[in-house]
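Worksheet: one structure, shown below.
The values are calculated or read from the model by the stated rules, or taken from the named source; none is laboratory data. Nothing here was measured: the structure is a model prediction, and the numbers come from that model. With ideal geometry, Cβ positions are generated from the backbone for all residues, glycine too; neighbour counts draw on all protein chains shown.
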Amino acid sequence: MTQENSRLTRRSALKTLLAGTAASIAPRIFPALSNSIPQSENQPTPSEHEGMARRADDFMRQFNVPALSIAIADHGRLAYESAFGFADREARQRVTPNHLFRIASVTKPITSTAIFILIERGKLSQHDRVFGPGSVLGTTYGHAPYKKWVEDITIDQLLTHTCGGWDNSNDDPMFENPQMNHAELISWTLDTKPLKHPPGTHYAYSNFGYCVLGRVIEHFSGRPYADFIHEAIFSHCGIRDMRIAGNTLAQRFPNEVVYYGQGGENPYNMNVTRMDSHGGWLASPRELVLFLNHLFESTPGLLKPDSIKAMTTPSSATLTYARGWAVNEIPNWWHNGSLPGTSTIMVRTHSGFCWAALTNTRTTSGSDMGLALDNLIWDMVRKVSAWHA
């Protein structure tokens, strides 16, 4: 799972897919299904809808995308929602705004929010150590004595991807040993994969670090990770349908899209369920916008202003990533997600817009689909004269 570069930072393969695509992406204006999102008065005009759909058409053709789903809110009000293409190409099942997609690393802001909720509840501190005697998780995982620097890792270093190793490289622990459960994988990683840098000194994107944060959440909440997220976050946002993904096509939920690999990738040979706290959620774009609205646009919101500031302030190791969020100086806050069969983005702009866009494929060629997906939504937003994102 790679974190895509983004325009915000100034940042065979489905050959049969295009049959019938032009008809599938004609402009479709769906009735409002707000899930507690009030409607914005600044809706696109019919001609602006058409222009947005044409831009979506171009993107889908360029990257052989079966399904694309988008939701956009303006200062907490739903301003646009549309879905294009096929949830299941073979069955010719049209995608709707209600369909669920794997969101991949767009999961990380949700997990970070849960950690800050626990901090606000006085359960832990950003600077608590994670492993070793007297730490958050003690010696629950792996075998003491731990390898060099492991006992120095803090909660904050996991949030900021500065723990010193276990990065998203060819030997990312989260894509090894798929038969292992969380406890077995964490123990195996601690025992066999030494850190590369002293914690806090080097940024390296780590899915495994957010897997560990999921176990921290379970430790302090006394509940399974997904249950705590539903109780502490989703229940306050009106989110009802988000859930942890299954691994195989047979485990597809009734309202979930089918995923399509490109370049030989298989979307159904990973342990996505085990990715829960770093990349395992299913969602619709509307539900992600609900999350963004309740985090950033509501008063009171999910977190206090001081927690929002801490969560979106970059670490000393990089200016472009904070605690579960990619950031810039504008400031815009966002996260991309990428897995075989999945490319996603979730954005909160400095001007009060929140949006999410989800697809059910990704490219493996030299083209940067994540950057293009980011560009797509910015271009669509700029086609609406009443919007100023």
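Quick look at the numbers
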item: Of all residues making up segment 25-70, the number that are closer than 25 Å to A91 by Cα, at pLDDT 95 or above and touching a helix residue (DSSP H, G or I) at 6+ places or on another chain (Cβ under 8 Å); result: 13
item: Helices (runs of 4 or more DSSP H) completely within segment 167-250 that count 3 or more residues being surrounded by fewer than 16 Cβ atoms within 10 Å (Cβ to Cβ); result: 182-192
item: Single residue of segment 48-83 satisfying the filter (over 16 Å from R348 (Cβ atoms) and among the charged types (D, E, K, R)) that is surrounded by the most Cβ atoms within 10 Å (Cβ to Cβ); result: E81
item: Residue under evaluation I117, criteria (1) outside the structural domain of T160 (by TED's automatic domain parsing); (2) β-branched (V, I, T); (3) more than 17 Å from the chain's Cα centre (by Cα), criterion not met; result: (1)
item: Candidate set: segment 123-151, residues that are within 16 Å of P194 (Cα to Cα) and in contact with a Phe, Trp or Tyr (Cβ under 9 Å, 6 or more places away or on another chain); chosen: the one surrounded by the most Cβ atoms within 10 Å (Cβ to Cβ); result: V150
item: Residue within segment 105-125 that is modelled with pLDDT under 95, touching a helix residue (DSSP H, G or I) at 6+ places or on another chain (Cβ under 6 Å) and part of a loop (DSSP other than H, G, I, E, B) present; result: no
item: Failed condition for M275, given (1) touching a strand residue (DSSP E or B) at 6+ places or on another chain (Cβ under 7 Å); (2) buried (at least 18 other Cβ atoms within 10 Å of the Cβ); result: (1)
item: Qualifying residue in segment 105-114 (condition: more than 25 Å from S338 (Cβ to Cβ), touching a Phe, Trp or Tyr at 6+ places or on another chain (Cβ under 8 Å) and buried (at least 18 other Cβ atoms within 10 Å of the Cβ)); result: no
item: Long-range neighbours under 7 Å by Cβ, at least six apart or interchain, first residue at positive phi and not assigned by TED's automatic domain parsing to the domain that holds D152 within segment 172-197, second of a type in the set (D, E) and in a helix (DSSP H, G or I); result: none
item: Number of the condition not met by T299 [criteria: (1) of a type outside the set (D, E, K, R); (2) surrounded by 22 or more Cβ atoms within 10 Å (Cβ to Cβ); (3) modelled with pLDDT under 95]; result: (2)
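Per-residue answers, yes or no, for (1) under 23 Å from Y210 (Cβ atoms); (2) of a type in the set (G, A, S):
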| site | (1), (2) |
| --- | --- |
| I308 | yes, no |
| T313 | yes, no |
| A322 | yes, yes |
| V327 | yes, no |
| N332 | yes, no |
| T363 | no, no |
| S367 | no, yes |
| A372 | no, yes |
| N375 | no, no |
